[in-house]
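Below: the structure, in structure tokens.
The values are calculated or read from the model by the stated rules, or taken from the named source; none is laboratory data. These numbers were taken from a predicted model, which means no experiment stands behind them. No Cβ is skipped: glycine too gets one built from the backbone with ideal geometry, and neighbour counts run over all protein chains shown. Each accessible area value is taken on the protein alone, full model and side chains, heavy atoms only, with ligands, DNA and RNA left out. Shrake-Rupley method; radii C 1.70, N 1.55, O 1.52, S 1.80 Å.
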Amino acid sequence: MRTKARETVFEVIFASRFSDGVDSSLKNALYKKENLDENDIAYADSVISLIGAHSEEFCGLIDKISHSFPESRLFPADISIMLVALAEIKYIDDIPTAVSINEAANMASKFSSPKSASFVSGILSEAAKG
């Protein structure tokens with residue numbers, strides 16, 4: 001189960017929204033703190049790389065779907081969670097879309113506001129259709 005790895009990726013991406021990109025020392029410290037194994041680290045590095053390469057695409061998709069709430073107005077936690085899920089949905093074939101959406105909703109419940117889980121789930125469900 002990749003829940004711990006997903007949450008670690010979320011933490012790295014969330015922190016990167018307040019700095020000039022991904023801080024490698026923070027990333028490595030979080031990997032160590034969470035005791036990620038080789039497979040989890042490979043997954044995490046892959047998702048972080050996908051987000052780096054496709055962030056504009058993902059944010060554009062979020063903007064297109066959430067008409068009243070452009071990416072710039074969303075909680076940084078919600079955006080970070082959706083970026084992780086969109087990387088999985090759009091570019092990692094061995095993770096079912098439903099799993100990515102469910103895990104994102106769970107993270108939103110844990111790390112964001114009470115209404116965020118349904119908002120995040122709705123945006124990702126719509127994104128998965130296209």
Q.
Around M82, under 13 Å between beta carbons, what's the net of Lys plus Arg minus Asp minus Glu among the other residues?
A. -3
Q.
Need the C-alpha centroid separation for the range 56-130 versus the range 19-34, integer Å.
A. 22 Å
Q) How far is it, in nm, from the label point at F75 to the one at N28 when both lie 7 Å from their Cα along the line to the Cβ? A) 3.2 nm
Q) For the residue pair E126 and M1, what label-to-label distance in nm results when each label sits 7 Å from Cα along the Cα-to-beta-carbon direction? A) 3.1 nm
Q.
With n ≥ 4 as the cut-off for DSSP H runs, can you work out [θ] at 222 nm for the chain, using -39500 (n - 2.57) per run divided by the number of residues, rounded to the nearest 500?
A. -25000 deg cm²/dmol
Q | Å² of accessible area per residue within the range 15-63, as computed with a 1.4 Å probe and no ligands counted | A | 61 Å²
Q | Within the accessible area of the chain (1.4 Å probe), percent carbon and sulfur | A | 52 percent
Q: Enumerate the calculated ³J(HN,Hα) couplings along the range 18-24 in order (Karplus 6.51 cos²θ - 1.76 cosθ + 1.60, θ = phi - 60°), each rounded to whole Hz, writing x wherever the residue is Gly or Pro.
A: 10, 9, 8, x, 6, 8, 4
Q | Length-normalised contact order of the chain in % [C-alpha pairs under 8 Å, at least 6 apart] | A | 23 percent
Q) If we sort 48-58, 78-88, 95-105, 32-42 on the protection proxy, mean other Cβ atoms within 10 Å, highest first, what's the order? A) 78-88, 95-105, 48-58, 32-42
**Q.** Under 13 Å, Cβ to Cβ, from S118 - net charge with Lys/Arg +1 and Asp/Glu -1
**A.** -1
Q | Residue among A77, Y31, A5 farthest towards the positive dipole end of the range 1-91, charges placed on Cβ | A | A77
Q: Find the eigenvalues of the gyration tensor of the Cα atoms of the chain, then list the square roots of 5 times those eigenvalues as equivalent ellipsoid semi-axes, largest first, in whole angstrom.
A: 22, 16, 14
Q: Only Lys, Arg, Asp and Glu count, each charged at its Cβ (+1, +1, -1, -1), so figure out the dipole size of the chain about its Cα centre, rounded to 20 debye.
A: 420 debye
**Q.** Total lysine pairs whose alpha carbons fall under 30 Å of each other in the chain (8 or more apart, or interchain)
**A.** 25
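Rounded to the nearest 0.05, what FRET efficiency is calculated for S68 and N39 with R0 set to 41 Å and r the Cβ-Cβ distance?
Working: r = 40 Å, r/R0 = 0.96.
Rounded to the nearest 0.05, the efficiency is 0.55.
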